[in-house]
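Comments concern the structure below.
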Amino acid sequence: MAYQQYPSQPGQQPPTPPGMYAPPPPKKKGVGAKIGIGCGGAFGALVLIGVIAAAMGAGDTATQAENKPGKTATAPAKERAKAGAEPAEAKSKEKPKGKPKAAPRSPADQFKAFVAKNGSANEKAAIGHVTKVQGAEEQNDILDSVDIYTDFTGGLMGPHQSEGKLIASAFADWKDSKNGLVTIYDVKGELLANGNF
């Protein structure tokens, strides 16, 4: 039996002789499949790291809980009563030397104290209406957001917008951030003013 020769054309495979089976060429993975496999592997690695971190963190919290005495002491009630009934001489020997520590002040009190010392007369008058400062404790210079609540009324279009701007300006003098936003609210929680600090 003689096989018939077909002219070969570039880019084409020669036809298979009749009666012979030719397997299909292997399929290439598409870009989407490669990305999917890569993302699945990365997600699996993140899950594995999270599980390991959670397992290690659980051991740390148990150790911390053992070291910290909670509200319920582990000693029996009789021993606690004895410890509380120590002589006055023993208690007086344990007094710390130097000035006693003052209770930590709230951010609103710290802000008011700063303005009372460094602010103008108008800023001092406006700062008297501040009731709460939230978010001033922690700053990361990435996105610092501070909310200041006042007892003013009327919101952004009300008569106290200028006092809100004074408060925002005084806050910018007190705190400094590369990317900070201070927002002043009235008594109802409506926006009064805002500014960068």
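Just one of the numbered conditions (1) hydrophobic (A, V, I, L, M, F, W, C); (2) at pLDDT 95 or above; (3) open to solvent by 70 Å² or more (accessible area, probe 1.4 Å) is not true of residue 157: (2). Within the stretch 114-132, is there a residue that is free of Cβ contacts under 8 Å to residues at least 12 places away in the same chain, of a type outside the set (S, T, N, Q), open to solvent by 60 Å² or more (accessible area, probe 1.4 Å) and in a loop (DSSP other than H, G, I, E, B)? Checking the stretch 114-132: not a single residue is free of Cβ contacts under 8 Å to residues at least 12 places away in the same chain, of a type outside the set (S, T, N, Q), open to solvent by 60 Å² or more (accessible area, probe 1.4 Å) and in a loop (DSSP other than H, G, I, E, B).
The values are calculated or read from the model by the stated rules, or taken from the named source; none is laboratory data. Small disclaimer: the values here were computed from a predicted structure and weren't measured. Heads up, the Cβs are rebuilt from the backbone with ideal geometry, glycines too, and the neighbour counts pull from every protein chain shown. Remember, those area values only see protein heavy atoms, side chains included, never the ligands or the DNA or RNA. Shrake-Rupley method; radii C 1.70, N 1.55, O 1.52, S 1.80 Å.
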